Number of protein chains: 2
Amino acid sequence: MSKEITSRNEDYSQWYNDLVIKGGLADHSGVKGCMVIKPYGFALWENMRDQLDRMFKDTGHVNAYFPLFIPKSFLSREAAHVEGFAKECAVVTHYRLKNDPNGGGVIVDPEAKLEEELIVRPTSETIIWNTYRDWIKSYRDLPLLINQWANVVRWEMRTRLFLRTAEFLWQEGHTAHATAVEAIAETKQMLDVYATFAEEYMALPVIKGVKTESERFAGAVDTYCIEALMQDGKALQAGTSHFLGQNFAKAFDVRFSDKNNQLDYVWATSWGVSTRLIGGLVMAHSDDDGLILPPRIAPLQVVIVPIYKGEERKDALDAKGRELAAAFKAVGISVKYDDNDNSRPGFKFAEYELKGVPVRIAMGLRDLDNNTVEVARRDTKEKTAVPMEGLTGYVRQLLETIQQSMYDKAMAYRDAHITRADTMAEFEKLLDEKGGFVLAHWDGTPATEEAIKEKTKATIRCIPLNNPAEDGKCILTGRPSKQRVLFARAY
Amino acid sequence: MSKEITSRNEDYSQWYNDLVIKGGLADHSGVKGCMVIKPYGFALWENMRDQLDRMFKDTGHVNAYFPLFIPKSFLSREAAHVEGFAKECAVVTHYRLKNDPNGGGVIVDPEAKLEEELIVRPTSETIIWNTYRDWIKSYRDLPLLINQWANVVRWEMRTRLFLRTAEFLWQEGHTAHATAVEAIAETKQMLDVYATFAEEYMALPVIKGVKTESERFAGAVDTYCIEALMQDGKALQAGTSHFLGQNFAKAFDVRFSDKNNQLDYVWATSWGVSTRLIGGLVMAHSDDDGLILPPRIAPLQVVIVPIYKGEERKDALDAKGRELAAAFKAVGISVKYDDNDNSRPGFKFAEYELKGVPVRIAMGLRDLDNNTVEVARRDTKEKTAVPMEGLTGYVRQLLETIQQSMYDKAMAYRDAHITRADTMAEFEKLLDEKGGFVLAHWDGTPATEEAIKEKTKATIRCIPLNNPAEDGKCILTGRPSKQRVLFARAY
Ligand SMILES: [Zn+2]
Ligand SMILES: [Zn+2]
């Protein structure tokens, strides 16, 4: 192996870091809490972003761009919002540096203090609704269906690459509607878009649900979410979609005249997914040899590696390798022919396994004579001899097979890790020994939710949509409950 | 007209603002110095960004993402760089707000003061070269050809939408090379990419050149640029490409071992264009009725407007309009069929003229009978009756004609506004009465350049590439000069 990867059993968290850093996705930076997204990781994000963007546009949304900075007073306008977001944030207080008169390099110029501090956006509801006040006058201006791709900052002391960083990249949709019904429909539609994206592109099965009051977005009436399961049995929130009611419209005085010329406050939604999804992708699929990336979003779908000794017939191998690569490109499959002389095939194999390239094609002199190649799947590591004739069709089908097979595997694992618990003892034993989601009765109070969290580190991930009614007793308090809710320890 | 546009003659600067705001490109925001890029403006930027991104990838570059924040000390490492960029910038000094114990809302928590202030990136050379130190060890790691799409902040007191704002969007390429020759070739290659983009996509002729020492990027050995001419006779710098020598490698100690195992500092380039280009696009082509957008980057290339009274045969018109729209879409032309009943055709015509949609198709009941439509070009306002049969082919050709014709018109204007001056009197008269570029002799000293700027507000835009040698005398000092340089008043 070219690069040592810690195994999952040995140290799950180190395994994750090894994959992210050595797999070329991201790295720590010279700035505390901020990461560098490396070219391979960014190419993955571009594929995810482009697909999501298509899905947003197909559902009638357009992109726009709003300021990075939010005046401090804006954050305070919505009472719940300020509690949730004003705390850990990057605060700009000055707009100039100057040379230290005592020769100590550059220092902050005390005379360049801002009258009002600016917050680096942790999320953009406030600045956007302050803008919507000018854009929305009449029902004819509604719905307003806008999305923004942006960087946001939430100060974090303990960070993990992709999963929790001070700065991250995301998209945030902010829509405005004439009625609550329409806004709720939008909230649910975008949750469905996220679920479809996670399942069909990331091969990541998710549970759709609604958050409890204490896990709700600061300023929302209802927060919907999709929850995925990682290989260590912990849950990861993979996207949220919020019905904001008229909270932000009231905070920023955004009213519209309806068809009867009556003034009313506008109804709002917001929804977002971030580069955090990449962390989920890594943890859901990869193994001890490296990343396993779903073909539909992999930056590189196929790699072709020539096997040769010395220069014997190297030209013939190269010619065939480039011919195959051109054939893949022609049908829209991303491919690299790796003719680098500086590393041996074994080293290359390990490197592409580490990087999670879905299909590896090896081709030696005997293959050349037989008009065959060796095709290896990254997910199962199966190898098959395949005729060169019809190879692109074979590989195209194989990529779809891998995509489906990765989803099925993650789904089987996820389904095997949804367990019911009827007592606190069972509940804790499950969390400690098996992990995964636990369906349990809860009395519906934030106090009980908090007490269970304190005791077990498990939180209510969501109340699944279409949750069946079931009479039972809260696992902590024994008080009556009408349905089970979905608990897990989570990222 | 639906919206009043100030004419160019009346108030050029107000005309520009009217086009940008009323044309739906951008608007002021609740944050001083920051703009909102509206959906129509952002769609234009997306088209520009996507084309540039393709051109960067075609020349072997990959995208990555580096932190928004730069530790203050990083800026000071390169002596010239800190002078240029440490001054007007947004400084993050704290990472938390708290509730005011005196009830005054939220205030900065004095206990959450950063040990070292963070600067919101004005440009990313420092943070990127601090990262490259870990990425580059050997000649095998070179060249490193990376681009970043990002927001940057340079504090500005007097701002103009797109042209000068505190926050703007841009791309910044940062490449690393084993030799000076290779880095210089990269610098020039990217200048060519920018020139090609400006001319072929923005229909904007540009002059390629190199900056004088005083106009050079802070930290560069040489700054290359493309300069365009606006309709008011002022120049606009439309892109820059810098050869950075080993300055940043030395500042951040980035060395590589060459093929002979000798350690040497790495050679660097950086290059960028920004949303400022949109300002140039507006000012180069538009007229008193609104924007005129080049077809290759216009968010909407064709609009179809039905002309009818009451409901008579409205269904037939709608059916035909949708059929035509589908036919345009099928061949990759972006189109809208505007069947909105709330506004009259005249209002719609004015609105699409304001927005600069290149081709407008009007279709009334008589057209329906005759199987014709009326096709209007936005740039020349010519109208032509065209048979419906073969319409997509006709329009596809017309879009290319408009693209070329816009370029030719801008080029003719530009060429008519490059004038020679041999005395200060001629020079000032030209600037005041005709505007445009003035070719004049200069003695090569920064002092003279500064004196001319003080006296006339004109700067040396560049020394054009392949500038002919010509003996002459400096217009200000009379000292000998070997070539003319390109002066202009500029944005
Ligand atoms: Zn298990
Ligand atoms: Zn003129």
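The values are calculated or read from the model by the stated rules, or taken from the named source; none is laboratory data. Computed from a predicted model, the values in this text were never measured in an experiment. Note that we place each Cβ from the backbone using ideal geometry, even for glycine, and neighbour counts take in every protein chain shown. Ligands, DNA and RNA are excluded from the accessible area calculation, which covers all protein heavy atoms including side chains. Shrake-Rupley method; radii C 1.70, N 1.55, O 1.52, S 1.80 Å.
What to note about this one:
- 5 angstrom amide H check on A:Arg484, placed H, neighbours 5+ away: A:Glu470
- Between A:Glu213 and B:Asp432, the FRET efficiency estimated from the beta carbon spacing at R0 = 60 angstrom works out to 0.30.
- In nanometres and ascending order, the distances from the B:Glu323 label point to those of the other copies are 4.9 (point 7 Å from Cα along Cα→Cβ).
- Between the listed residues A:Tyr352, B:Ser257, B:Val31, the Cα displaced farthest toward the positive end of the dipole of the protein assembly as shown, a dipole computed from Cβ unit charges relative to the Cα centre, is found at B:Val31.
- Ascending distances from the B:Thr401 label point to its copies in the other chains, with the point 7 Å along the Cα-to-beta-carbon line: 5.4 nm.
- Given charges at Cβ of Lys, Arg, Asp, Glu: region B:423-491 dipole, positive-most of B:Thr423, B:Thr459, B:Trp442: B:Thr459
- Cα-derived Rg over Rh, computed across region A:325-471 with Rh taken as Kirkwood radius: 1.22
- Note on region A:239-282: semi-axes of the ellipsoid equivalent to its C-alpha gyration tensor, largest first and rounded to whole Å, are 34, 9, 6.
- The Cα-based radius of gyration and maximum Cα-Cα distance (Dmax) for chain A are 25.9, 84 Å.
- All C-alpha to C-alpha distances of region B:353-414, sorted into 10 Å bins beginning at zero, yield P(r) values of 21, 47, 25, 6, 1 percent in whole numbers.
- If R0 equals 56 Å, the separation of the Cβ atoms of A:Thr59 and B:Asp443 corresponds to a calculated FRET efficiency of about 0.35.
- Debye equation applied to the C-alpha atoms of region B:418-488, log10 I(q)/I(0) at 0.14, 0.26 Å⁻¹: -0.34, -1.29
- Amide H within-cut-off set for B:Val106, under 5 Å, with H built and near neighbours excluded: B:Asp100
- In degrees, nearest ten, helix B:391-416 long axis to first principal axis of chain B (Cα): 50 degrees
- Computed on the Cα trace of region A:302-398, the radius of gyration divided by the Kirkwood hydrodynamic radius gives Rg/Rh = 0.92.
- Two-site label geometry, B:Asp471 and B:Asp369: point separation in nm, points 7 Å out along Cα→Cβ: 7.9 nm
- Quotient of Cα Rg and 2.2 N^0.38 Å for region A:281-328, N being how many residues it contains: 1.60
- Computing FRET efficiency as 1/(1 + (r/R0)^6) for B:Ala79 and B:Glu389, where r is the C-beta to C-beta distance and R0 is 56 Å, gives about 0.25.
- Here is the tail figure for region B:75-139: Cα pairs spaced more than 20 Å apart come to 50 percent of all pairs.
- Reduced Cα scattering model of region B:14-127, Debye log10 I(q)/I(0), q = 0.16, 0.20 Å⁻¹: -1.07, -1.10
- Contact order relative to length of region A:418-488, as percent, for alpha carbon pairs under 8 angstrom and 6 or more apart: 38 percent
- Only Lys, Arg (+1) and Asp, Glu (-1) charged, at Cβ; chain B dipole about Cα centre in debye: 140 debye
- Phi-derived couplings, Karplus 6.51 cos²θ - 1.76 cosθ + 1.60 at θ = phi - 60°, listed residue by residue for region B:298-308: 5, x, 10, 8, 9, 10, 10, 10, x, 10, 7 Hz, with x used for Gly and Pro.
- Normalised by 2.2 N^0.38 Å, with N the number of residues, the alpha-carbon radius of gyration of the protein assembly as shown equals 1.01.
- When the helices of chain A are scored as -39500 (n - 2.57) per DSSP H run of n ≥ 4 and the total is divided over every residue, the value at 222 nm lands at -10500 deg cm²/dmol.
- Accessible-area ranking of B:Met48, A:Met55, largest first, probe 1.4 Å: A:Met55, B:Met48
- Relative packing of B:29-41, A:344-356, which averages over residues the other C-beta atoms within 10 Å, highest first: B:29-41, A:344-356
- The C-alpha radius of gyration of region B:207-275, expressed as a fraction of 2.2 N^0.38 Å, stands at 1.45.
- Mean separation of Cα contacts under 8 Å, 6 or more apart, over the residue count of region B:293-398: relative contact order %: 30 percent
- Within region A:236-283, trypsin sites (Lys or Arg not before Pro) in DSSP loop having at most 13 other beta-carbon neighbours inside 10 Å: A:Lys259
- Across chain B, the relative contact order, built from alpha-carbon pairs under 8 Å that are at least six residues apart, equals 14 percent.
- The fraction of accessible area contributed by carbon and sulfur in region B:302-398 is 48 percent, rounded to a whole number (1.4 Å probe; ligands and nucleic acids excluded).
- Label spacing, shortest first and in nm, from B:Asp443 to its equivalents in the remaining copies (7 angstrom along Cα→Cβ): 9.1
- Accessible solvent surface per residue of region B:418-488, calculated while the other protein chains remain in place, 1.4 angstrom probe, Å²: 51 Å²
- Extent of region B:183-307 along its three principal axes (Cα atoms, max minus min coordinate, largest first): 75, 31, 20 Å.
- The HN-Hα couplings worked out from phi for region A:270-279 by the Karplus form 6.51 cos²θ - 1.76 cosθ + 1.60 (θ = phi - 60°) are 8, 7, x, 9, 9, 4, 3, 3, 5, x Hz, whole numbers, x standing for Gly and Pro.
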